[in-house]
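Please treat every number below as a calculation from the coordinates, not as lab data. All of these numbers come straight from a predicted model, not from anything done at the bench. Positions of Cβ are generated from backbone atoms using ideal geometry, with glycine treated the same way; all protein chains shown enter the neighbour counts.
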Amino acid sequence: MLDPRLNLVTRDRDLWRPIPFQKPVTAVQRSVARLRRFLDLQANSIWRHLAPELPRVKGRLLDVGCGAQPYRELLSPEVSYLGIDTVDAKARFGYEIPDTLYFEGDTWPVDTGSFDVVLCTETLEHIADTLRFLDEVRRALRPGGRVILTVPFAARWHFIPHDYWRFTPSGLMRVLTQAGFTDVQVYARGNALTLILPFVFPQGGSFARKLALQAIGVLLLPMFATLAVVGSLSLRLAGGDDCLGYTALARRD
């Protein structure tokens with residue numbers, strides 16, 4: 001009898017890779033970003049949680065693992081912003097943004113205690129040494145500074161093999177406390193409703209496979225659109241244990 005199981009440790013790439021965000025600079029790009037947030041409930045839920053937080057930020061903000069800097073526009077123009085990412089961001093995640101500071105190694109190219117807020121969106125799951133990373137967050141913050149981070153929970157294994165963890169509220173509380181943070185708050189982002197994007201934007205495989213998936217996507221488009229509407233409306237409700245991801249806030253002593 002054939003064993004139907006697959007040894008997943010041999011996987012070194014995604015069957016379907018998340019579509020990279022684009023930096024929203026022009027009005028058209030902002031419109032595309034809004035459309036994506038309507039269809040991509042993970043992005044929508046993150047935006048909804050950051051929208052009341054980031055406009056209140058003052059001083060200096062460090063965006064770690066910033067990718068395309070999709071949430072920068074929520075900040076006040078008076079905020080001093082710095083986006084940093086690893087030198088392998090393009091190879092691993094498809095990001096290469098001109099005004100991003102790229103670095104190599106575990107130590108960030110920033111002065112100790114030089115930032116009021118560290119923002120870290122959908123990055124912690126890609127960090128093999130979580131506590132080493134959070135030590136750098138703490139080092140970069142001034143005393144009393146805050147960290148705002150988001151992590152996925154009900155999300156596919158993505159950017160394989162560089163996706164290591166799914167954190168629960170208990171796990172976030174544990175690692176943040178171990179790293180020396182206090183006043184930890186964790187909020188669930190939405191619920192388990194989501195949109196199956198591989199049918200709309202198929203990747204890999206033959207042309208015939210892509211065409212077949214797109215044909216299925218066209219046929220199911222009314223259902224997908226309905227789910228997107230229902231999912232977007234559901235994000236207005238309180239989060240639950242079965243959710244898309246978490247937003248965590250904590251303060252440096």
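Tabulated data
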{"read-out": "Under the Karplus curve 6.51 cos²θ - 1.76 cosθ + 1.60, θ = phi - 60°, whole-Hz ³J(HN,Hα) for region 172-185, x wherever Gly or Pro sits", "value": "5, 4, 5, 5, 5, 5, 4, 7, x, 8, 10, 6, 6, 10"}
{"read-out": "For region 47-179, size of Cβ-based charge dipole, Lys and Arg +1, Asp and Glu -1, in debye", "value": "500"}
{"read-out": "Charged-residue dipole, Cβ positions (Lys, Arg, Asp, Glu), region 1-85 about Cα centre, Debye nearest 20", "value": "220"}
{"read-out": "Distant-in-sequence amide H partners of residue 189 (H built 1.01 Å from N, under 5 Å)", "value": "244, 245, 246, 247"}
{"read-out": "For region 63-147, with +1 on Lys and Arg beta carbons and -1 on Asp and Glu, the positive-most of 128, 97, 118 along the dipole", "value": "118"}
{"read-out": "Relative contact order (percent, whole number), region 71-123, Cα cutoff 8 Å, 6+ residue spacing", "value": "29"}
{"read-out": "Debye, to nearest 20: dipole size of region 75-123, +1 on Lys, Arg Cβ, -1 on Asp, Glu Cβ", "value": "120"}
{"read-out": "Average Cα contact separation per residue, region 1-127, under 8 Å, 6 or more apart, as relative contact order %", "value": "23"}
{"read-out": "Region 5-159: Cα Rg divided by the 2.2 N^0.38 Å rule of thumb", "value": "1.07"}
{"read-out": "Highest to lowest packing among 53-60, 183-190, scored as the average C-beta count within 10 Å", "value": "183-190, 53-60"}
